[in-house]
């Protein structure tokens, strides 16, 4: 036991320095003034940005749902492939993640621009040009493109472990293909669904690069708002910390709700 404690020491130090201390600093700034006096004014001032919180949550939810709808059949097909093919297909899924996040988003700016590739292609068939960039749709598209692998991978890892004999048994007992999917595969893949939703929703709700580059100034999200308080002209670290603290609480509440759908509570009918 003593040896195990020694090996865990670096991890504990890492957690204290890079997780606990920053969280305490955020809480300190959120509840203090410039002079260090206690106040709740910073938290109350967050309410004036309620529309930005609603927009951020809504766009993150839309992007998460789209990722789930797209990733689920892809993950299922990957899990049913032969083993030697799965590695190649997983490599294709992960390949975009090897490229810099900023460069990937810049590429979409080129594609969606008013004089971009997509509008040029539409022009050849007599359509457009359409306003594709600096819209909420462009922000959601950027989120889906960048975070889709984070939905596919946890779904695949869970589905790949589903025993094929369970699916065959359900079919032999008269369950249709749709019934097998809804009553067997989906319940068994719930751990992957909850993990995928968490891994997509959390970065999506707090993103600022995607919204800045693809959404323009009219699609301000929480991440942009926090950055403005620390790096923008309206320098106000106390308000920025308060917004960050409220965002963390919102994420914790949503994750708590998601945990209520634990597979332990599911019963196969």
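The values are calculated or read from the model by the stated rules, or taken from the named source; none is laboratory data. All of these numbers come straight from a predicted model, not from anything done at the bench. Heads up, the Cβs are rebuilt from the backbone with ideal geometry, glycines too, and the neighbour counts pull from every protein chain shown.
Keeping to region 25-48, report how many residues are in a helix (DSSP H, G or I) and more than 25 Å from residue 207 (Cβ to Cβ).
Selection size over region 25-48: 3.
Among residues belonging to region 207-241 that are crowded, with 16+ Cβ neighbours inside 10 Å, without any contact (Cβ under 8 Å) to a residue 24 or more places away in the chain and not in a helix (DSSP H, G or I), point out the one that is farthest from the chain's Cα centre (by Cα).
236
Tell me which residues, restricted to region 169-201, are surrounded by fewer than 16 Cβ atoms within 10 Å (Cβ to Cβ) and free of Cβ contacts under 8 Å to residues at least 60 places away in the same chain.
169, 171, 172, 173, 174, 176, 177, 178, 179, 182, 186
Which pairs have Cβ atoms under 8 Å, sit 6 or more apart or on different chains, and link a residue in region 7-20 that is surrounded by fewer than 10 Cβ atoms within 10 Å (Cβ to Cβ) to one that is outside any helix (DSSP H, G or I) and modelled with pLDDT under 90?
Sorted first by the residue in region 7-20, then by its partner, the list stays empty.
Quick one: count up the residues across region 110-130 that are surrounded by 14 or more Cβ atoms within 10 Å (Cβ to Cβ) and touching a helix residue (DSSP H, G or I) at 6+ places or on another chain (Cβ under 6 Å).
Summing the residues that are surrounded by 14 or more Cβ atoms within 10 Å (Cβ to Cβ) and touching a helix residue (DSSP H, G or I) at 6+ places or on another chain (Cβ under 6 Å) in region 110-130 gives 6.
Looking at the structure I just gave you, is residue 93 surrounded by 14 or more Cβ atoms within 10 Å (Cβ to Cβ) and more than 20 Å from residue 222 (Cβ to Cβ)?
For residue 93, the condition - surrounded by 14 or more Cβ atoms within 10 Å (Cβ to Cβ) and more than 20 Å from residue 222 (Cβ to Cβ) - is met.
Just one of 50, 107, 75 is loosely packed, with under 13 Cβ neighbours inside 10 Å and either over 21 Å from residue 235 (Cβ atoms) or touching a strand residue (DSSP E or B) at 6+ places or on another chain (Cβ under 8 Å) (or both); which is it?
50
Counting residues that are over 22 Å from residue 215 (Cβ atoms), which helices (runs of 4 or more DSSP H) fully inside region 49-151 reach at least 3?
Where helices (runs of 4 or more DSSP H) fall fully within region 49-151 and carry at least 3 residues being over 22 Å from residue 215 (Cβ atoms), they are 50-80, 83-94, 117-124.
Of all residues in region 32-57, how many are more than 24 Å from the chain's Cα centre (by Cα) and touching a residue at least 24 places away in the same chain (Cβ under 8 Å)?
Total meeting the criteria: 6.
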